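Below is one structure, written out as structure tokens, with a few remarks after it.
The values are calculated or read from the model by the stated rules, or taken from the named source; none is laboratory data. The model shown is predicted, which means the values in this text are computed figures rather than measured ones. We place every Cβ from the backbone using ideal geometry, glycine too, and count neighbours over all the protein chains shown. When the accessible area is computed, the model is the full protein with side chains, heavy atoms only, and any ligands, DNA or RNA have been set aside. Shrake-Rupley method; radii C 1.70, N 1.55, O 1.52, S 1.80 Å.
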Amino acid sequence: MTISPWILLLLAVPVLLLGEALVRHIGVLSRFNIPAPVAGGLSVCVLILFANLAGVAVTLEQRVDETWWNWLVLTEIEAAQRPMVDVIRPFLVAFFVCIGLNASWGLVKRASWQLPLFCAISGLLAILQNALGMTVATLLGESPLLGLLCGSISLTGGHGTAIGFSDVIVAAGYPSAAVVGIASATFGLVAAGLLGGPVGGRLMRVHELRSTEPTNTHPPDGGVVEVAPSGLIGDIKALGREVRPTIAHLLIIALCIKLGAWVSFGMTQLNLTFPVYIGAMLVGVAIRNICYATGIKWINTRIIDLWGSVFLGIFLSMAMMALNLIELANTAGSMIVILALQVIMMAAFAYFVTYRVMGQDYDAAVMSAGHCGFGLGATPAAVANMKTLVEKYGAAPRAFLIIPLVGAFLIDFINSLIITGYLNFFG
């Protein structure tokens, strides 16, 4: 039985809502910050796996060649050739455009010198994750691309980046890229929830650290970076309360996608390897910072966040449903070895590097716990780790400003450039 890509698209919202229900009612999913689209999509994916094992062959088609659907993410030169394109690509690219539109120089100024410093050590961690993964994979007799997938693509990057780079890794010679990347990212989320608290707690005990601030998890300037999704229905309701700005921002996102298609096309002419969303994300960064430099207040971060949450939920749900878990069988052992070493390195990096570089004080210890969260998993995991500590030891306003800004907005951009560099120089 072959399921059409359009059926996959129609199932995206029901499966996303299923995932949200599972996360609400199954405590372990909520505790480890498992994203709702991952929970819902994996449920369908496992059902398909059981059907295939029972002898009922089920195949999910993912690519379409309809120009009306693919036009936005292709140049006119490419669209004229009617290539087969993943049906999820518009949602994937739109999500990373939202990342770009929220990456402004104003964010850097907001946290002074510590924000670029933390960006730098987060980028260093991503580089080390890739180096470790590729080295261990080679020693185990596996493709270095497996190590890259078990490196910053899935750990620092998370599920979104794993899917975003899957086509590039497949083209480079690793056909199981999507399923391996998603499996690694899910492993990382669980590990992130287990690791951050112990690392931060040990720093507190060894260095006898306590907060001097009143209990409060908000940034010192009164602003709050929202990192926990409210759910698809909540996001849509919030967007519906501001119809004109919502439509205007959707048009800006569409413009970035179309201009980004041309940027990406130009980069391919230089024989560079990169994910399909890089061009559009760069356009988003350029537009946001032009607006910032000229004082034009066209971009509303909250509305962009809401759109990004919607796009992420839809494309992740579809991507998870289409995974073929059977492909994990041949690499599961090597993956476990690589990921176990990544967890050890993350703990050591947070304890010895993040803590010392970020000031060797209470906020630095809380940031170390947060770094374990998004260095292995995602920003919600980072925030959850930090909240656990501040509830016991006191507020850490600097940590709650810097970690969400880097984890939710800036690290995806930095990590994409690092991965692209690895693919071009070591691929």
Rounding to the nearest 20 debye, state how big the charge dipole of the chain is about its Cα centre with +1 on each Lys and Arg Cβ and -1 on each Asp and Glu Cβ.
820
I want to check the label-to-label distance for ARG24 and GLU61. Put each point 7 Å from Cα in the C-beta direction and report it in nm to one decimal.
3.5
Cα centroid of the range 250-288 to Cα centroid of the range 342-407, whole Å
32
Expressed in nm to one decimal, what extension gain is obtained for the pair ALA171 and LEU328 from 0.36 nm per residue of sequence separation less their Cα-Cα distance?
54.7 nm
Can you tally the net charge around MET281? Count Lys and Arg as +1, Asp and Glu as -1, for every other residue whose Cβ sits under 15 Å from the Cβ of MET281.
+2
Whose amide H sits under 5 Å from the amide H of LEU60, counting only residues 5 or more places off or on another chain, with H placed in the peptide plane?
ILE3
All aspartates and glutamates inside 16 Å of LYS258 as judged from Cα atoms, apart from same-chain residues fewer than 8 positions distant:
GLU76, GLU78
If R0 = 41 Å, then ALA120 and ALA54, at their Cβ-Cβ distance, give a FRET efficiency to the nearest 0.05 of 0.20
Span per principal axis, largest first, for the Cα atoms of the range 59-204 (Å):
59, 45, 23
Set of aspartates and glutamates near LYS392 by C-alpha distance (under 20 Å), chain-local residues within fewer than 8 positions excluded
GLU208, GLU213, ASP361, ASP363
To the nearest 0.05, the calculated FRET efficiency linking ALA238 and ILE296 through their beta-carbon distance, R0 being 25 Å, is 0.60
Net charge (Lys, Arg +1; Asp, Glu -1) of residues whose beta-carbon lies under 13 Å from that of GLY313, GLY313 excluded, is -3
Just to be sure I understand the rule: take each whole DSSP H helix in the chain, project its Cα atoms onto its long axis, keep it if the span is 27 Å or more and its mean Kyte-Doolittle hydropathy is at least -1.0. Which ones pass?
5-25, 114-139, 177-207, 243-268, 301-321
For the range 58-71, what does the Karplus curve 6.51 cos²θ - 1.76 cosθ + 1.60, with θ = phi - 60°, yield as ³J(HN,Hα) per residue in whole Hz, taken in order and with x for Gly and Pro?
10, 10, 9, 6, 10, 10, 10, 10, 5, 4, 4, 8, 8, 4
Mean separation of Cα contacts under 8 Å, 6 or more apart, over the residue count of the chain: relative contact order %:
29
For the chain, what is the accessible area per residue in Å² when the probe is 1.4 Å?
42
Could you work out what % of the accessible surface of the chain is carbon and sulfur, using a 1.4 angstrom probe and leaving DNA, RNA and ligands out of the count?
66
With a ≥ b ≥ c taken as the square roots of the eigenvalues of the C-alpha gyration tensor of the range 77-148, please select rounded if a/c is under 1.5 and otherwise prolate if a/b is larger than b/c or oblate if it is not?
oblate
